[in-house]
1. Please find, among A:Lys32, A:Lys65, the residue that is over 20 Å from A:Ile134 (Cα atoms), assigned to a loop (DSSP other than H, G, I, E, B), facing another protein chain (nearest Cβ under 10 Å) and open to solvent by 50 Å² or more (accessible area, probe 1.4 Å).
2. Filter the stretch B:202-218 down to the residues that are more than 7 Å from every other protein chain (Cβ to nearest Cβ) and assigned to a helix (DSSP H, G or I), then identify the one that is most open to solvent (accessible area, probe 1.4 Å).
3. Give just the number: which of (1) away from every other protein chain (no Cβ under 11 Å); (2) in a helix (DSSP H, G or I); (3) of a type outside the set (D, E, K, R) does B:Asn125 not satisfy?
4. Residues to consider are A:Leu91, A:Leu78; find the one that is at pLDDT below 85, in a helix (DSSP H, G or I) and within 13 Å of chain B (Cβ to nearest Cβ).
5. Of the residues that sit in the stretch B:44-68 and are buried (at least 19 other Cβ atoms within 10 Å of the Cβ) and among the hydroxyl-bearing types (Ser, Thr, Tyr), which one is nearest to the chain's Cα centre (by Cα)?
6. Tally time: how many residues in the stretch A:148-181 are at the interface with chain B (Cβ under 9 Å from one of its Cβ atoms) and surrounded by 12 or more Cβ atoms within 10 Å (Cβ to Cβ)?
7. Condition check: of a type in the set (A, V, I, L, M, F, W, C) and open to solvent by 50 Å² or more (accessible area, probe 1.4 Å). Does A:Ala114 satisfy that?
8. Against the condition hydrophobic (A, V, I, L, M, F, W, C), open to solvent by less than 10 Å² (accessible area, probe 1.4 Å) and in contact (Cβ under 8 Å) with a residue 40 or more places away in the chain, how does A:Ala4 come out, does it pass?
Amino acid sequence: MKLAGIFLTAILTENFILCKFLGICPFLGVSKKLKTAIGMSTAVIFVMALATAVTFPINKYLLEKNGLDYLQTIVFILVIAALVQFVEIVLKKFIPSLYEALGIYLPLITTNCAVLGVVLLNVDNGYNFAESMINSIGGGAGFMVAMIMFAGVRERLEGCDIPKALKGLPITLIAAALVSLSFQGFSGVVDGIFGLFS
Amino acid sequence: MAENKSLAKEFSKGLIKENPVLRLVLGTCPTLAVSVSVTNSIGMGIAATLVLVCSNVVISLLRKVIPSKIRIPAYIVVIASFVTIVQMLVKAFVPALNDALGVYLPLIVVNCIILGRAEAFAGKNSVPASFLDGLGMGIGFTFALIVMATIREILGAGTFLDSIDSLTKLFGVTSFTGFTLLKQPIAMLTMAPGGFLVFGLVMAAANRIAEHQGKPKAELSGCAACPMAASCALVKKDEKCETAPAKENEKEESAV
């Protein structure tokens, strides 16, 4: 039950993009077409899950055990950067079809604050391994939901008659505000269903 | 004399002309997340400026030592070290700010303003120029944060400079704890949608002002501004990334 709650919270009430403002750059930059939005968010889910799976044991058995908690930021970003590079090389060599689909998004993800953010949040919240993994996958799925929804909204914006001053980025941000407002409607839903979390 | 002038330019360009948030559209995540209160914005601004200045100086010092192939990881290590230092300082001296900024404090590591300046400026320029560039960009970032936060805090929470004493008590001032201005504020503005909305409107205003001065609008330069652009296959593959075609269309339109 708790895992399901964490999963739904990560997608709906604590959506990474729309509620926590993590990963805004790809959200605004890559959401113009549905296809790239899906590719990018699949890669994000993949890297988030992998980064969590690798950083969790490093944090628990290497850093916390030796009282090196303060090195978390530095170690996590380096592990993520190395991991992304490694995954890229492995995919290119062994699964070229997957590389074709995801490879081009991978380097972008190294400096995506959503990936470092999810890893740090897992530590802050004191999640165990299963909870961390569910939170990361849920966070990635929430990222995907927001990207796909917003890609749809932006396609509609293309043909609209927009006041001159708002053209381009401002109207995109205002549209994001409305999508985000709709997600505010989910607040309390997870509490209501599971009644376990505050 | 000419050199002094150009150094002054490196400093002043970050404030308004190339303001990292309002003109270059960098560092949007912290801008949206932290601009809930002016106090948080000032704290975040100072922390980011500190990291930006220190990392710019160190990277500029090391620019001839770091091989260009591994420069991005090297920059990240330098930046992450300074972020860790700042994190420890904030935890020790301003714990209230540490709680308020939460995960966004360590996330200064991936703030694209800092990696962007390292890649675009500090890796190629002298130490004094890099120092001033970092300082100017940092102050520009803080300025943009404070503009956003002023709007959001006054209208959204009805207060101004609320709990500023957590910062000023470092200088021994604890009597001033901010104003209360509105009794029934628009709470939505302090929540996530308000961040996007206010940023959109501030951006529109900045574009309007730029237009008056005959300068181009701020566009999401997307991949071009991204510090990873050099190593990014999305850029290499099409020679341009997702947002580039839109720009080209605009140019065509203006040509017509």
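The values are calculated or read from the model by the stated rules, or taken from the named source; none is laboratory data. This is a predicted model, so every value here is computed, not measured. Glycine also receives a Cβ, built like all others from the backbone with ideal geometry; neighbour counts cover every protein chain displayed. Note: accessible area is taken over every heavy atom of the protein model, side chains too, but ligands, DNA and RNA are not part of it. Shrake-Rupley method; radii C 1.70, N 1.55, O 1.52, S 1.80 Å.
1. On the way: A:Lys65 fails: facing another protein chain (nearest Cβ under 10 Å).
Of A:Lys32, A:Lys65, the one residue that is over 20 Å from A:Ile134 (Cα atoms), assigned to a loop (DSSP other than H, G, I, E, B), facing another protein chain (nearest Cβ under 10 Å) and open to solvent by 50 Å² or more (accessible area, probe 1.4 Å) is A:Lys32.
2. B:His212
3. Evaluating B:Asn125 over (1) away from every other protein chain (no Cβ under 11 Å); (2) in a helix (DSSP H, G or I); (3) of a type outside the set (D, E, K, R) leaves (2) as the failure.
4. A:Leu91
5. B:Thr49
6. Number of matching residues: 17.
7. Considered against the rule, which asks whether it is of a type in the set (A, V, I, L, M, F, W, C) and open to solvent by 50 Å² or more (accessible area, probe 1.4 Å), A:Ala114 comes out as no.
8. no
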